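J.: Following this message is one structure expressed as structure tokens.
The values are calculated or read from the model by the stated rules, or taken from the named source; none is laboratory data. Quick caveat: nothing in here was measured; it's all calculated off a predicted structure. Here Cβ is always computed from backbone atoms with ideal geometry, including for glycine, and neighbour counts include all displayed protein chains. Note: accessible area is taken over every heavy atom of the protein model, side chains too, but ligands, DNA and RNA are not part of it. Shrake-Rupley method; radii C 1.70, N 1.55, O 1.52, S 1.80 Å.
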Amino acid sequence: MRKRKILMTSALPYANGPIHLGHVVENLMVDFWVRFQRMQGHECLFFSADDTHGTPIMIQAKKLKKKPEDLIAEVNRDHQNDFADFGIEFNHYGSTNSAANKRISEETYNDLLKADCLEKQMLSQLFCNTDQMFLPDRFVKGTCPKCKTPEQYGDQCESCNASYNPSELLKPHCSVCGTTPVLKETEHVFFKLGKFEAFLKDWIPKGTTPTIANKLREWIDQGLKGWCISRDAPYFGFAIPGFKDKYFYVWVDAPLGYISTTLEWCEKHGKNFDEIWGKKSSFEVYHTIGKDIINFHALFWPAMLQNTPYRLPNKIFVHGFLTFNGEKMSKSKGTFLPARVYLNHMDPLYLRYYLACKMNSGVDDFDFSATDFVGRVNSDLVGKITNVASRGAQMLQKSIDGKMGTVPAEFMPLIDLSRAKASLIAEHYENRDFSKAMVEIRAIADAANHFFDQHEPWKLIKTDVEKTRAVLTTILNSFRIMAIYMAPIVPKFSENVALLFGDKPYTWDDAQSLVEDRTLKPFVYLAQRIEASSIEAMIEETRRLYATTKPGGDAQVTETSTNEISIDDFNKVDLRVGLITAAVEIPEAEKLLKLTIDIGNETRTVFSGIKSAYSASELVGKHVVLVANLKPRKMKFGVSEGMVLACGPGGKDIFLVEPDLKAKPGEKIS
């Protein structure tokens, strides 16, 4: 067999939050495939890194009162620990904020400049007069210009995955202060993507799957526009050479992180970098990504690489999303599961096995069903596969002497069936159809359990100990073959099986050998049943972790909530009946109305974010409930002297809390 040289990457997790099960899914896909290739004797490298640049990092660091560099260093350590505890083994896990990536980003920029792939354009960009700054992608929100979904960020819609410029948003507002920005001209750098239309039409069918190629052709047919690769300050990232206060857009230096991470590994281990990423590379290079970032990886990335010293990837593998009980993962429902929360309650063995049973090479979403998870692990992994070892090894050790015999010719059909599946299972692994591989392995388990029940060794031992030994030796060999086939999926499980048999770490070819006349090592339970209470505890911990909600959306990420208040704290809130005597719209504010409220002995000015649900004219004369002892807040438009109580999911569905009409302004509500 020809020994292959392979580099496999996973998409880079963003460094402003913890690893969640969506990240785990993708990296397990790669880990399964890489481990299989290594068992085949191939050289297979696995690289990834944290994606560390952009506005969200700035916002998160500011919120936590940390430097962005300190934040991403902490997150990087946490990310690596989470992946390691799931048994995901990288050859190297880096960061896009590295010196190597800065150098490669600047060199790539100069290469593109020399090849006439870049041009400067004046761009009308959103500018916040309140904060006196151009608004980077994540500093502006608005309605998606494609699907009309509200509250989307300025670079990509989370609903339809459309990419656009912030200035294309409908009803934009500054995500810092909430005011409506204005358009102001600023100079930016654009990559001439349209120049590569012919190249992309040729490369896409070779570099992607037919399904993805069809989607990409739709985008090409709509016309490839220039791609803005610069961002104005404030921005956490690499400065563009030759400019003041201009930075590389994160989607320039993020994919270059695949290359810089490789360079770091090569320099550390004395390897030839050009052999992997040079134009004459002897390696196969593959990327695994989610379907939400296809355009960046299959349009911009290969086009950008064309005029650099670096080769193109052989293929881009795209997968669907993980859903939970048939729904999109939700923080408020406790189903947006951080990796660490899962690890706090259950062995990663179970998730590795379960997800392998769901994964295939397509782009359809796949579901984590709590009921199916418990049932499949308990029934298949524990009750069917592991049960073969439990029945065989324990009986051999407890009822005989723990020593295996030989497999007689009459029992070889079970061994032949187990061995014969090697090529088919290998094909499924190669094609990343892990669920199909699991089906074949379970078929071996069914045959082994049937063999055990058919020969009834618990009865046979009373009359023929040696034939009983042969029966147990046969099913144990069948189980050993299963463990070898499962090694890419559940490596710790298979390592423990190797210890039981006194084997060295398994290669794929070991499935063709027999273990005979060997004394087993002491048996240890390889997998325990899952209790439903573990799932419930996991979901409950997630609910507690994501306890803070916003109107009209899922709960937002916070630290574990410990800010409960007592009834005494609640009694400090002074609620008063107020009468709105005047209401004025603020043209430059999308959400705010200026209200004048009579509370009996005085009049208050309150700025209230209810403009989307109420017009100023309909509010005059309404009785409302006012938080009268709230600390005044200085705003651009004046000082707000209280808070009007309202409820609802947002948008037009905001409802003022109205007291009994008999109540008088200033009357206290208890």
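J.: Would a scan of the range 21-32 turn up a residue that is without any contact (Cβ under 8 Å) to a residue 40 or more places away in the chain and surrounded by 21 or more Cβ atoms within 10 Å (Cβ to Cβ)?
T.: There is no residue in the range 21-32 that is without any contact (Cβ under 8 Å) to a residue 40 or more places away in the chain and surrounded by 21 or more Cβ atoms within 10 Å (Cβ to Cβ).
J.: Right, here's the next one. Is it the case that the range 265-288 has a residue that's part of a loop (DSSP other than H, G, I, E, B), on the phi > 0 side of the Ramachandran plot, open to solvent by less than 20 Å² (accessible area, probe 1.4 Å) and not hydrophobic (A, V, I, L, M, F, W, C)?
T.: no
Residue by residue, here is whether (1) without any contact (Cβ under 8 Å) to a residue 60 or more places away in the chain; (2) small (G, A, S); (3) outside any helix (DSSP H, G or I) holds:
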| site | (1), (2), (3) |
| --- | --- |
| L424 | yes, no, no |
| E427 | yes, no, no |
| R432 | no, no, yes |
| A437 | no, yes, no |
| E440 | yes, no, no |
| A445 | no, yes, no |
| N449 | no, no, no |
| F452 | no, no, no |
| K462 | yes, no, yes |
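J.: Which members of the range 122-147 meet the condition of being in contact with a helix residue (DSSP H, G or I) (Cβ under 6 Å, 6 or more places away or on another chain), part of a loop (DSSP other than H, G, I, E, B) and surrounded by fewer than 21 Cβ atoms within 10 Å (Cβ to Cβ)?
T.: Of everything in the range 122-147, just one residue is in contact with a helix residue (DSSP H, G or I) (Cβ under 6 Å, 6 or more places away or on another chain), part of a loop (DSSP other than H, G, I, E, B) and surrounded by fewer than 21 Cβ atoms within 10 Å (Cβ to Cβ), namely P145.
J.: For residues that are surrounded by 19 or more Cβ atoms within 10 Å (Cβ to Cβ) and either of a type outside the set (S, T, Y) or not in a helix (DSSP H, G or I) (or both), tally how many sit in the range 99-108.
T.: 3
J.: Before we move on, is I72 among the hydrophobic types (A, V, I, L, M, F, W, C), in a helix (DSSP H, G or I) and surrounded by fewer than 19 Cβ atoms within 10 Å (Cβ to Cβ)?
T.: Details: among the hydrophobic types (A, V, I, L, M, F, W, C): yes; in a helix (DSSP H, G or I): yes; surrounded by fewer than 19 Cβ atoms within 10 Å (Cβ to Cβ): no.
No.
Rundown of residues vs (1) of a type in the set (S, T, Y); (2) within 28 Å of N110 (Cα to Cα); (3) at pLDDT 90 or above, yes/no style:
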| site | (1), (2), (3) |
| --- | --- |
| G278 | no, yes, yes |
| S281 | yes, yes, yes |
| E284 | no, yes, yes |
| Q306 | no, yes, yes |
| V318 | no, no, yes |
| L349 | no, no, yes |
| F366 | no, no, no |
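J.: For F336, only one of the following conditions fails: (1) within 30 Å of F196 (Cα to Cα); (2) surrounded by 18 or more Cβ atoms within 10 Å (Cβ to Cβ). What is its number?
T.: It is condition (1) that F336 fails.
J.: Identify, from the list A537, A511, A583, A483, the residue that is modelled with pLDDT of 85 or more, among the aliphatic types (A, V, I, L, M) and not in a helix (DSSP H, G or I).
T.: After ruling out the rest, the residue left standing is A583.
J.: Turning to a different aspect of this structure: Taking the condition over 21 Å from K114 (Cα atoms), modelled with pLDDT of 95 or more, basic (K, R) and over 29 Å from the mean Cα position of the chain (by Cα), does K201 pass?
T.: yes
J.: Touching a Leu at 6+ places or on another chain (Cβ under 7 Å) and either of a type in the set (A, V, I, L, M, F, W, C) or touching a residue at least 12 places away in the same chain (Cβ under 8 Å) (or both): is that true of A115 in this structure? Quick ask: steps written out before the conclusion?
T.: On the way: touching a Leu at 6+ places or on another chain (Cβ under 7 Å): no; either of a type in the set (A, V, I, L, M, F, W, C) or touching a residue at least 12 places away in the same chain (Cβ under 8 Å) (or both): yes.
No, not satisfied.
J.: I'm told S494 meets every condition in (1) within 30 Å of H42 (Cβ to Cβ); (2) hydroxyl-bearing (S, T, Y); (3) surrounded by fewer than 20 Cβ atoms within 10 Å (Cβ to Cβ) except one. Can you identify the failing condition by its number?
T.: (3)
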